[in-house]
1. Tell me the angle of helix 55-73 to the major Cα principal axis of the chain, expressed in degrees between 0 and 90 and rounded to the nearest ten.
2. Based on DSSP H runs of at least 4 residues, each adding -39500 (n - 2.57), what is the mean residue ellipticity at 222 nm of the chain after dividing by all its residues, to the nearest 500 deg cm²/dmol?
3. Summing Lys, Arg as +1 and Asp, Glu as -1, what charge do residues with Cβ under 15 Å from the Cβ of THR40 carry, THR40 excluded?
4. What spacing in nm lies between the two simple spin-label points modelled at ARG90 and ALA107, each 7 Å away from Cα in the Cβ direction?
5. Can you grab the distance from the C-alpha centre of the stretch 138-191 to the C-alpha centre of the stretch 1-51, Å, no decimals?
6. From the backbone phi of the stretch 171-180, what are the Karplus-calculated ³J(HN,Hα) couplings (6.51 cos²θ - 1.76 cosθ + 1.60, θ = phi - 60°) in whole Hz, Gly and Pro given as x?
7. In which sequence would VAL101, VAL84, VAL18 go, from the one with the fewest C-beta neighbours within 10 Å to the one with the most?
8. Would you mind checking the stretch 37-81 for residues with the amide N under 18 Å from a putative spin-label position 7 Å along Cα→C-beta of ARG140?
Amino acid sequence: MLIQRILEPAPGTASRLVGLFLWQLDDQSRRLTEDTRSATAQELAWQPAPGMNTIGMLLAHIAAVEVGWIRASVLGRDRDSGAVLGITKREIGMPLAPDGVPAAALAGKSLAYFHGLLTCARAFTREAVAGLADQDLERRFRTPASWQAEGGEFEGTIGWALYHNLEHEAGHYGQINLLRHEYRCRPRAGA
């Protein structure tokens, strides 16, 4: 049996480079979806300790961040994901306070809901970047640096935004795998 892993541009883009980013994003999402497909609603909502993220929060956060950076970089809009996903980063509840509990907006949501958010975010990205040319990846954008206590402004390029979505998802994918392991190994009542 031959197993192939060949990096090639995703179809439907004007730019080969954009197509390569999309292929990588799609592969990362495929792996994440495969590795979470057996997660139960209870596992998705499990919080190891106050202030720690749940798997569901992380999945929703990945989708919201992807939409936000594409809105800002490609479309010149704010980073709000609500109009696209039906849920905002604020409703997702990240980052949590040190004693924070999971977001109420995600309570009882199924795996299909979270995978649906990821699919919706990617469809939004695919449509937004389809017509970009290679040189568009160098185009700069500015957005409020809302994650910093002192505020300020952030400047980046469309190419950076595509890269960031890839590394952001990969980082949280590792975190999700760790949470899945911790969930399986957690002490159980009555054991």
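1. 20 degrees
2. Roughly -17000 deg cm²/dmol at 222 nm, from the helical runs in the chain.
3. That sum, taken over residues with Cβ under 15 Å, equals +3.
4. Computed distance between label sites ARG90 and ALA107 equals 2.0 nm.
5. Using only Cα atoms, the two centres lie 14 Å from each other.
6. Result, ordered by residue: x, 6, 4, x, 5, 5, 4, 5, 4, 5 Hz.
7. So the residues, fewest neighbours to most, are VAL101, VAL84, VAL18.
8. Answer for the stretch 37-81: 72-77.
Bear in mind these aren't lab numbers, they're just calculated from the coordinates by the rules spelled out. Everything numeric here is computed off the predicted structure, so don't read it as measured data. Counting neighbours? That spans all protein chains shown, and the Cβs are built from the backbone with ideal geometry, glycine included.
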